[in-house]
Amino acid sequence: MNIKAIVKSILFSYSQIFFSTNVIFGLLLFIVSFFDIYAGAAGLLSVMMANLTAKIIGFSPANIEKGLYGFNALLVGFGIGVYFNFSLLLLLIIAVGAVFTLFITVAAEGFLYKYKLPFLSIPFLIGMWCITLAAPEFTHLGISQRGIYLFNELYLIGGQTLIDFYNWTNGLPITQSFKTYLISLGAIFFQYNILTGIMIAIGLFFYSRIAFTISLLGFYTAFFFYMVIGSNISDVTYAYIGFNYILTAIAIGSFFTIPSKGSYLSTMLLMPLVVIITISLNSVFVVFGLSIYSLPFNFIVLLFLYILKLRCTHHNYLVEVVVQNNQPEENLYSYLNNSRRFGMQQKYFPVKLPFWGDWFVMQAHDGEYTHQEDWQHAWDFVIVDEKSQQFAGEGSSVADYYCYNKSIIAPAAGVVVDIVDGIEDNEPGEENILQNWGNSIVIKHTEYLYSQISHIKSGSFKVSIGEYIKPEQLIATCGNSGRSPYPHIHFQLQSTPYVGSKTLDYPLSNYFANTDGKIEFVNYKQPVVNQSVSNAQNNKILVKAFKFVSGQVIKLKVTAGGETCNQEITVYTDINNNSYLYCEKTKSTAFFVRTENEFYITKFIGDKKSVLFYLSLSIYRINFSVFDEMTITDDIQLNLLNSKLNLLLQDIIAPFYVYLSSTFKATYSIDTAEVSPQYANLSTVVRVNKRKKFKNSIVFNPQGLATIECIDGDKRILIEFEQ
């Protein structure tokens, strides 16, 4: 480990007590811990010993750097440093305690990982209880008398100035309950004074406004419950157990679940239970001369998280955090942004239209003639000419109809589970009511998603039952069999594998819809009657431009402020198969996803003055399936562009209401040639709270990306791509 990694592993061990990996917050907590010099030194020695041992044994370097193997040892070190006098023998006890706590940490991690649960501060509890029970036998260690002469100790740290500040904080005109809250914060670091609590509260607010506000909510819910049940509220102050309510609220309400009305309500409902567990366990542990420390917090949080994982139905009002960003605001804004951008994609398996070219929706859901009751969610597609006619000539033969014998393709990948064939086509105007569905095929796409296509031409099937088929694979041709007075395709989605099953109200993905001459790109919606629809076809230039490969180096010539320089952006893929663009010069990262139909940036980390930042905003979302003058819009994670001042109030109320916004809009100008298009131009605009922030012009040629011009106020950046 290099020096930077070592420093991070130490500071993060402090901040991890509040579930944070914020360096500044960790530094503040580090400083606060030395308000008791011996306790601070013992904690530092303990965390260094734990991290060093973890490194020597070969535990995860990433976990060491994040402080996950150090924070429990840190707490044990604080406890030892507070209760015993400093001596050389004490250093040995601290070292042994740190290593013992590390072993418990790794064991707890391995056991609880199977259930996808955190180990929290369980290792600290076990380590501290063992040392406390063994303490009477440590006859060569003296019990500390520090705290009796507190002013002398403060004077050694900060002189008369610190003493005056301490007296000022004690004299602040605040309620006794809030003083108790501050003391409870300090008690997490084994320091029982308002000054420590104030410093930690400031750090907590800096790290997360959500964590700070919900810590108050949790504490005061518990505090008032004490009053309701008539319990002795002074126990909260003098037993220093109030931090259980603070940590439980932060964990349940904002860290392990997405902050929301549901998480806040869950916090309030659980606080009385934490109070009851605290009172009951305290009465038991006092018999053995032990403190319950953070046991109620660990018990309730683990119990609640385990119960959440056993749910059969998951609701939007109480969502577990899947990708942990180690900050409640980041978790919330990321979740909201992903839900708006990709909610439909995450919810639905992509199913396309079952044909090539433009077809007309003659009948849709809740049809005029059929498509009713249990079969209401279906479509009938035909081909019409510019006069809205379905046929040429007299239309007396099925061959006169434009759609007759046209290709039917697989709407998605799947396995053919049923085919009905051998039913002859009807003459126009006639219907075969006895064999209602006519020749049909049913394809299984997922466990409970099947597609059915009916009225197919007899003998035209190109696939067989049991065959795996790919998206857009030719499967048959359009006919006029069954209850079909004229050639058309009947298409429906269902949850069972039988011809004629009840239909599902299920959207289709990636298609163009023409309504009264207005063309729009549609994703995850249902075609409606009297629309012309077609599957979206990718533009070859755009597809080629964003075919990024891991290890690829993108060479740029950047002109800004009258100066020109060369830069490089490298494409990487991490161990979790996440692709990203990386700028070594600014240590900035832009994660991206490339699908069959589009490219989009999912997350940016790093310097917001870097070229990669402007590049990411320019190509924030690129749809490959486009037509000339097409416009698409998207949402940008609001804390990416809004200032910290703007976010101050938003962070506090974000679990309930979001009023800030950041949006992306792209307008395409493309060569519509199908075989060999020569150009594609793109204008994108980024708005923050409806005000124009960035304007970008992107030029593509057959070789790929050519130039990007970014306008940020009076700042102009020209990015030229080496081809």
- Item | Chain lengthening between THR175 and ASP421 when straightened (0.36 nm per residue, less Cα-Cα) | 80.4 nm
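Beyond 24 Å between alpha-carbons counts as too far, so tell me which of LYS540/LYS715; LYS4/LYS55; LYS8/LYS587; LYS644/LYS715; LYS387/LYS525 fall in that bin. Let's see the in-between values first.
Numbers: LYS540/LYS715 32 Å; LYS4/LYS55 15 Å; LYS8/LYS587 17 Å; LYS644/LYS715 22 Å; LYS387/LYS525 27 Å.
Going by Cα-Cα distance, LYS540/LYS715; LYS387/LYS525 fall outside the 24 Å limit.
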- Message: Could you tell me which residue out of ILE252, VAL76, GLY357 lies farthest along the dipole of the chain toward its positive end? Charges go on the beta carbon: Lys and Arg +1, Asp and Glu -1, centred on the Cα centre.
- Response: VAL76
- Task: Relative to the longest principal axis of the C-alpha atoms of the chain, give the angle of the C-alpha long axis of helix 644-653, reported between 0 and 90° and rounded to the nearest 10°.
- Result: 90 degrees
- Task: Mind giving me the FRET efficiency for LYS347 and VAL699? R0 is 30 Å, r the Cβ-Cβ distance, nearest 0.05 is fine.
- Result: 0.25
- Item | Burial order of peptide ranges 429-438, 280-289, 24-33, 119-128 (average beta-carbon count within 10 Å, highest first) | 119-128, 24-33, 429-438, 280-289
- Query: So how exposed is TRP375, as accessible area in Å² (1.4 Å probe, rounded to 10)?
  - Reply: 90 Å²
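Using a 1.4 angstrom probe on the protein heavy atoms only, could you order CYS312, CYS130, CYS478 from most to least accessible area? Write out the running numbers ahead of the final one.
Numbers: CYS312 135, CYS130 65, CYS478 0 Å².
In descending accessible area the options line up as CYS312, CYS130, CYS478.
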- Query: Using 7 Å Cα-to-Cβ label points, what is the GLU584/VAL287 separation (nm, one decimal)?
  - Reply: 6.6 nm
- Just the accessible area per residue of the chain, please: how many Å² with a 1.4 Å probe? 46 Å²
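With charges set only on the Cβ (+1 for Lys and Arg, -1 for Asp and Glu), what does the dipole of the range 538-691 come to about its Cα centre, in debye to the nearest 20? Present the calculation step by step, with values, prior to reporting the outcome.
Values: 17 positive and 14 negative charges, 86 e Å.
Charge dipole of the range 538-691: 420 debye, to the nearest 20.
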- Using alpha-carbon positions, what is the distance between the centroids of the range 476-542 and the range 256-322, in Å? 48 Å
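Place the peptides 589-599, 445-455 in order of packing, highest mean first, counting for every residue the other Cβ atoms within 10 Å and averaging per peptide. Walk me through the numbers before you get to the answer.
Values: 589-599: 17.5, 445-455: 19.5.
Listed from highest to lowest mean packing, they are 445-455, 589-599.
Could you give the length gained by full extension between GLN723 and GLN678, i.e. 0.36 nm per residue of separation minus their alpha carbon distance, to one decimal place? Mind showing how you got there, number by number?
Details: separation 45, 0.36 × 45 = 16.20 nm, distance 1.51 nm.
So the chain would gain 14.7 nm between GLN723 and GLN678.
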- Just the Cα atoms of the range 398-483: what Rg and Dmax do they give in Å? 12.8, 40
- Task: Give, rounded to the nearest 20 debye, the magnitude of the charge dipole that the range 398-462 has about its Cα centre when Lys and Arg contribute +1 at Cβ and Asp and Glu contribute -1 at Cβ.
- Result: 380 debye
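As an exercise, find the ratio Rg/Rh for the range 1-141 from alpha-carbon atoms, using the Kirkwood inverse-distance average for Rh.
Details: Rg = 14.3 Å, Rh = 14.8 Å.
Rg/Rh: 0.96.
Classify the range 1-43 from the C-alpha gyration tensor, please: rounded if a/c falls under 1.5, else prolate or oblate depending on whether a/b exceeds b/c. Working shown, then result.
Details: a/c = 2.25, a/b = 1.39, b/c = 1.61.
Oblate, because a/c is 1.5 or more while a/b does not exceed b/c.
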- May I ask which residue of ALA654, GLY58, ASN639 lies farthest towards the positive end of the charge dipole of the chain, with charges of +1 (Lys, Arg) and -1 (Asp, Glu) on Cβ and the Cα centre as origin? GLY58
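Is the range 95-134 rounded, prolate or oblate when judged by the Cα gyration tensor, a ≥ b ≥ c being the square roots of its eigenvalues, rounded requiring a/c under 1.5 and prolate requiring a/b larger than b/c? List each step's numbers first, then the result.
Details: a/c = 3.37, a/b = 2.09, b/c = 1.61.
Prolate, because a/c is 1.5 or more and a/b exceeds b/c.
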- Please name which of ILE519, ILE465, SER484 has its Cα lying farthest along the dipole of the range 449-558 towards the positive end, using unit charges on Cβ (Lys, Arg +1; Asp, Glu -1) and the Cα centre as origin. ILE519
- Can you work out the FRET efficiency for the pair THR595 and GLU373, with r the C-beta to C-beta distance and R0 = 45 Å, to the nearest 0.05? 0.80
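So how strong a dipole does the range 309-428 carry about its Cα centre when Lys and Arg Cβ are +1 and Asp and Glu Cβ are -1, to the nearest 20 debye?
Numbers: 8 positive and 18 negative charges, 221 e Å.
Dipole about the Cα centre, nearest 20: 1060 debye.
Give, in nm to one decimal, the length gained when the segment between ILE433 and VAL96 is fully stretched (0.36 nm per residue of separation minus the Cα-Cα distance).
On the way: separation 337, 0.36 × 337 = 121.32 nm, distance 8.47 nm.
Fully extending the segment from ILE433 to VAL96 adds 112.9 nm.
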- Could you tell me which of rounded, prolate or oblate describes the chain, using a ≥ b ≥ c as the square roots of the eigenvalues of the alpha-carbon gyration tensor, with rounded for a/c under 1.5 and, failing that, prolate when a/b is larger than b/c and oblate otherwise? prolate
- Message: I'd like to compare 199-210, 395-406, 461-472: which one has the highest average count of other Cβ atoms within 10 Å, and what's the full order after that?
- Response: 199-210, 395-406, 461-472
- Task: Give me the accessible area of ASP164, 1.4 Å probe, in Å² rounded to the nearest 10.
- Result: 80 Å²
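From the P(r) of the range 243-354, can you give the percent of Cα pairs sitting at distances over 17 Å?
61 percent
The values are calculated or read from the model by the stated rules, or taken from the named source; none is laboratory data. It should be emphasised that the depicted structure is a prediction, and the values quoted were computed from it without experimental measurement. Using ideal geometry, Cβ is built from the backbone for each residue, glycine included, and neighbour counts are taken over all protein chains shown. Accessible surface areas use protein heavy atoms only, side chains included; no ligands, DNA or RNA. Shrake-Rupley method; radii C 1.70, N 1.55, O 1.52, S 1.80 Å.
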